[in-house]
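Beneath this line is the structure, given in structure tokens, with notes to follow.
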Amino acid sequence: MNTNAPNPPTLGTADGGGPEIKVNVSHGPSHHEVHLPPQSTFGDLKKLLVHKTGLEPEQQRLFFRGIEKDDKQHLHQEGVKDKSKLLLLEVAASKEKKLEEARKQNEMSKASEAVAGVRAEVDKLSNRVSTLEASINGGNKASEKEFLVLTELLMKQLLKLDTIEAEGEAKLQRKAEVRRVQSLVDTLDSLKARNANPFSSGDNGVKITTQWETFDSEMGNSNAPPSTSSSTKVTEDWERFD
């Protein structure tokens, strides 16, 4: 009898890779079957578990018979055989990191939804500002109340944006919306000034005359000669020039 003959494969042979064993790895509620040579290390086993668990090798902790195994230890030397059961746990820091990433993603999603809600309201207000601008450009007058109401509504949206805590893409969305609201407020200020500008309507002459008459009355008669005297003086000056 040849005592040097190799042991027969337990599960068959890989393509030129020698005998393999099957190990069962428990990971939470999941169970994974892995086929590999018994001379493999626990580090090798971790690499095969990456595509099954989604965990990188450094995120894995492998236990056999209640003892955590080092990556450089060999399966067969630690007593792992065909159909042996191992336990896989995720590194605590990795799990915490995933939870933190999930939390941030959830917050970002909520922030984006909040910004989208403000954007919808600002769209409506933007349309009202555009309508008001078209009216003023057409020579019409608007009430002061219209400017006041629109400005207050825009400022409310600005306050809503200020209360939204956002990171990443959501933060950029919020910043863009803040700029849009500020731009609309600036437009309203400009339109309000044009609406109140005496030069923007047909009664400019009356307004200017009234302003100058007020100015003259404040100066007093001693500093400003009567209009008839001024007219006479201008005539005399022109006669001298001729």
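The values are calculated or read from the model by the stated rules, or taken from the named source; none is laboratory data. The structure displayed is predicted, hence computed values, not measured ones. Accessible surface areas use protein heavy atoms only, side chains included; no ligands, DNA or RNA. Shrake-Rupley method; radii C 1.70, N 1.55, O 1.52, S 1.80 Å.
Over 19 Å between C-alpha atoms is what I'm after, so list which of K47/K97; K72/K95; K110/K160; K98/K171 land there. Flagged as over cut-off: K47/K97; K72/K95; K98/K171. Rolling a 1.4 Å probe over the protein chains gives I67 an accessible area of about 100 Å². What's the carbon and sulfur percent of region 15-75's accessible surface, probe 1.4 angstrom, rounded to a whole number? That share works out to 48 percent. With all pairs of separate Cα atoms included, region 21-75 yields a Kirkwood hydrodynamic radius of 11.3 Å. Percentage of Cα-Cα pair distances in region 83-161 greater than 15 Å, rounded to whole percent? The proportion of pairs with Cα distances above 15 Å equals 72 percent.
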